[in-house]
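K.L.:
Before anything else, here's the structure in question.
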Amino acid sequence: MTTEREPAPRAVTDVPSQAIVVQLPAPLQPYARSLQRWRAGCELEVLREGVETYPAMLAAIAAARESILFEIYILVADRTGERFKQALLERARAGVTIRMIVDAVGSFTLSAGWLAELRTAGVEIVDFNPIAPWRRRWNLSHRDHRKLLVVDDAVAFTGGLNIADDYAPASDGGRGWHDMHCRVRGAAVLDLARLFRRTWLRSGGSYYGAPARASEAPSAGGTSFVRLIENTKRRTKGAVRRAYLHVIKQARSHVLIQNAYFLPDRGLRRALARAVRRGVKVSVMVPGHSDIKMIEFASNYVLRRLARRGVEILHWQGPMMHAKTAVVDGVWSTIGSYNFDAQSRWHNLELTLEILDPVVAGALIAEYDRDRASCVPYDEAAWRRLPWWRKGLAWLGYRLRRFL
C-alpha cells in the first residue's frame, strides 16, 4: 500500500518577486494602494534638471563595468546627445554590453549615420515602433515615452528628462527646461532592469538572460520603499491613474502636483475637489508657457474649473516646465514620465516610481516651495483677463483633449 506524500512547501525565494508582500510601517500603509511589489531599503535621490541629472548619468555610464540599459523617448544629435554618445562609445569599446531602446518618433531626427557609429562599436539598438504604416498593427500613437538608464543592474535613473539641449543648463548652451529625475539603488533597480528586458524582447531585440529578481537583491541601506508602476500590459494601462486616485482620497494634509501636460479626467478632478472640501491643501503647478500650445489652452480651461473649487493653480514662468512629480502628506511621492493627458493614459509606454519615504517627500516639497518664486497664480480672475481668442482656443482644446 502506498501513501500520497504532501508536496514540500515552496521556499520564499521561489515565489515570483512581483507577489512578495512587504510589511510597510503602519503610518505608510494607507498610502499604498497595494502591498505587493514594494521594495524596501532602497536609496533614492532627487535630481533637479539637467544641471544635476546629466552629470550623474554620465558618471554612472563612465563607471559601468558589465552592462548599460538605456531606454529613451527623445534623443537628439546635439551637444548633449553627443556627450552621451561619446560616453557610450567609450564603454562599448571597453567591452561593456550596451543595449538601447530609442523611440522611432520621439528620436525621429537622429540620422542613420549617427546611430551607425554606436552600432559599429557594438551597441545594440532597437527602434521602438518604427514608422511603418504598411504594417498590419502599426499605430503612430503608440510610443515609448519612458526615460530609463540602468547601469550594471546596480544603479538606475528615471524621471522626465530626455537627452537634448532643451534640458541642459544655460551655462552649457542649453535651454534650461525645468524637469525632475531621480537616481535609485536597491532592489527596485532590478525591477527596472527586468522592465527594460520585457520591452526589449517585445520590440525585436536579441535574447539575453533575465536579471536577478528583486527578491534576491540585498538592501541598499536606504530608507525608501519604492514601487514601480508601468503600463506595458492592457491590465496595467490605468495603474498610474489608480495610484493617484488612491492617494488623493487618502490625503489629509496636502497634495502637491507638478505636471507638464495637465488634462485630468473628470474622476481625478472630482477627487481633487473633494480633497479640498476635506480641508486638504491642493496645489497644482503647470507651465505658464507650454511647448505644446493646444495643451496649454486646454489645460487653462480645465484649471479654471479646479480653481473655482479651491485648488491652488500656479503657472510656472521660467523656461518650459517638463516635470511630472507629486507629493501627498509629506509621505507619498512620485517621479516619472506620466502626464495627465490622453497620450500617457491610453497610448504611451510610461514609467513612474511610487515612493514612500518622508525624506524624499521632504526634498520634493522643498523643490516645490523653491519653484513657487517662479510662478504666478491662475484663477477665475486670470481667466477673465484672457483675450476672447485665447478663451476660444481653450474651449476648442478642451473639446479635442482626447487627441492631445
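K.L.:
What strands (runs of 3 or more DSSP E), lying completely within region 124-237, carry at least 1 residues that are out of contact with any helix residue (DSSP H, G or I) (no Cβ under 6 Å at 6 or more places or on another chain) and among the charged types (D, E, K, R)?
P.N.:
124-128, 180-185, 224-230
K.L.:
Of the residues that make up region 134-144, is at least one at positive phi and of a type in the set (Gly, Ala, Ser)?
P.N.:
The answer is no; no qualifying residue exists.
K.L.:
From the residues in region 204-221 that are more than 20 Å from GLN36 (Cβ to Cβ) and at pLDDT 90 or above, which one is surrounded by the most Cβ atoms within 10 Å (Cβ to Cβ)?
P.N.:
GLY205
K.L.:
Specify which of the listed residues (ASP371, ASP329) is modelled with pLDDT of 95 or more, crowded, with 16+ Cβ neighbours inside 10 Å and on the phi > 0 side of the Ramachandran plot.
P.N.:
ASP329
K.L.:
While we're on this one: Can you spot a residue in region 137-146 that is among the aromatic types (Phe, Trp, Tyr) and either surrounded by 24 or more Cβ atoms within 10 Å (Cβ to Cβ) or at pLDDT 95 or above (or both)?
P.N.:
No: zero hits.
K.L.:
Let me ask another. Let me spell it out: the conditions are (1) surrounded by fewer than 21 Cβ atoms within 10 Å (Cβ to Cβ); (2) within 21 Å of PHE84 (Cβ to Cβ); (3) in contact (Cβ under 8 Å) with a residue 12 or more places away in the chain, and ALA170 meets all of them except one. Which number is the exception?
P.N.:
Evaluating ALA170 over (1) surrounded by fewer than 21 Cβ atoms within 10 Å (Cβ to Cβ); (2) within 21 Å of PHE84 (Cβ to Cβ); (3) in contact (Cβ under 8 Å) with a residue 12 or more places away in the chain leaves (3) as the failure.
K.L.:
Taking the conditions exactly as written (more than 15 Å from the chain's Cα centre (by Cα), in a loop (DSSP other than H, G, I, E, B) and surrounded by 17 or more Cβ atoms within 10 Å (Cβ to Cβ)), does ALA271 satisfy them or not?
P.N.:
no
K.L.:
If you don't mind, another one. Checking THR158 against (1) surrounded by fewer than 17 Cβ atoms within 10 Å (Cβ to Cβ); (2) among the hydroxyl-bearing types (Ser, Thr, Tyr); (3) within 16 Å of TYR73 (Cβ to Cβ), which test does it fail?
P.N.:
Failed condition: (1).
K.L.:
Take LEU75 and decide whether it is buried (at least 20 other Cβ atoms within 10 Å of the Cβ), closer than 20 Å to ASP179 by Cβ and either in contact with a Leu (Cβ under 9 Å, 6 or more places away or on another chain) or modelled with pLDDT under 95 (or both).
P.N.:
Against the criterion (buried (at least 20 other Cβ atoms within 10 Å of the Cβ), closer than 20 Å to ASP179 by Cβ and either in contact with a Leu (Cβ under 9 Å, 6 or more places away or on another chain) or modelled with pLDDT under 95 (or both)), LEU75 qualifies.
K.L.:
All but one of (1) closer than 20 Å to SER141 by Cα; (2) touching a helix residue (DSSP H, G or I) at 6+ places or on another chain (Cβ under 6 Å); (3) among the charged types (D, E, K, R) hold for ASP291; which doesn't?
P.N.:
(2)
K.L.:
Shifting gears a bit: Name the pairs whose Cβ atoms lie under 8 Å apart, with the first residue in region 19-32 and modelled with pLDDT under 90, the second in a helix (DSSP H, G or I) and surrounded by fewer than 12 Cβ atoms within 10 Å (Cβ to Cβ), and 6 or more positions between them or separate chains?
P.N.:
Cβ pairs passing all conditions: ILE20/VAL12.
K.L.:
Return the pair list, or none, for Cβ contacts closer than 7 Å from residues in region 92-103 that are closer than 15 Å to ARG198 by Cα and buried (at least 20 other Cβ atoms within 10 Å of the Cβ) to residues that are of a type in the set (Phe, Trp, Tyr) and modelled with pLDDT of 95 or more, at least 6 apart or on different chains.
P.N.:
Listed pairs, sorted by first residue: ARG99/TRP200; MET100/PHE70; ILE101/TRP200.
K.L.:
Let me confirm something: among ILE61, ILE101, which residue is closer than 30 Å to GLU117 by Cα, at pLDDT 95 or above, under 22 Å from the mean Cα position of the chain (by Cα) and part of a strand (DSSP E or B)?
P.N.:
ILE101
K.L.:
Then there is this: Being basic (Lys, Arg) and touching a residue at least 40 places away in the same chain (Cβ under 8 Å) is the filter; apply it to region 174-196 and report the residue that is farthest from GLU45 (Cα to Cα).
P.N.:
So, considering only residues that are basic (Lys, Arg) and touching a residue at least 40 places away in the same chain (Cβ under 8 Å), the one farthest from GLU45 (Cα to Cα) is ARG175.
K.L.:
Quick one: which of GLU117, GLU82 is in contact (Cβ under 8 Å) with a residue 24 or more places away in the chain, surrounded by fewer than 21 Cβ atoms within 10 Å (Cβ to Cβ), at negative phi and not basic (Lys, Arg)?
P.N.:
One residue alone meets the criteria, GLU117.
K.L.:
Can you name every residue in region 274-283 that is in contact with a Leu (Cβ under 7 Å, 6 or more places away or on another chain) and hydrophobic (A, V, I, L, M, F, W, C)?
P.N.:
VAL282
K.L.:
State all residues of region 276-287 that are under 21 Å from the mean Cα position of the chain (by Cα) and either part of a helix (DSSP H, G or I) or not hydrophobic (A, V, I, L, M, F, W, C) (or both); if no residue qualifies, say none.
P.N.:
Passing the criteria: SER283, PRO287.
K.L.:
Here's something else I'd like to know. Tell me, please, whether a residue that is within 23 Å of the chain's Cα centre (by Cα), surrounded by fewer than 21 Cβ atoms within 10 Å (Cβ to Cβ), free of Cβ contacts under 8 Å to residues at least 12 places away in the same chain and more than 23 Å from GLU350 (Cα to Cα) can be found in region 123-134.
P.N.:
There is no residue in region 123-134 that is within 23 Å of the chain's Cα centre (by Cα), surrounded by fewer than 21 Cβ atoms within 10 Å (Cβ to Cβ), free of Cβ contacts under 8 Å to residues at least 12 places away in the same chain and more than 23 Å from GLU350 (Cα to Cα).
The values are calculated or read from the model by the stated rules, or taken from the named source; none is laboratory data. These numbers were taken from a predicted model, which means no experiment stands behind them. All Cβ positions, glycine included, derive from the backbone under ideal geometry; neighbour counts span all protein chains shown.
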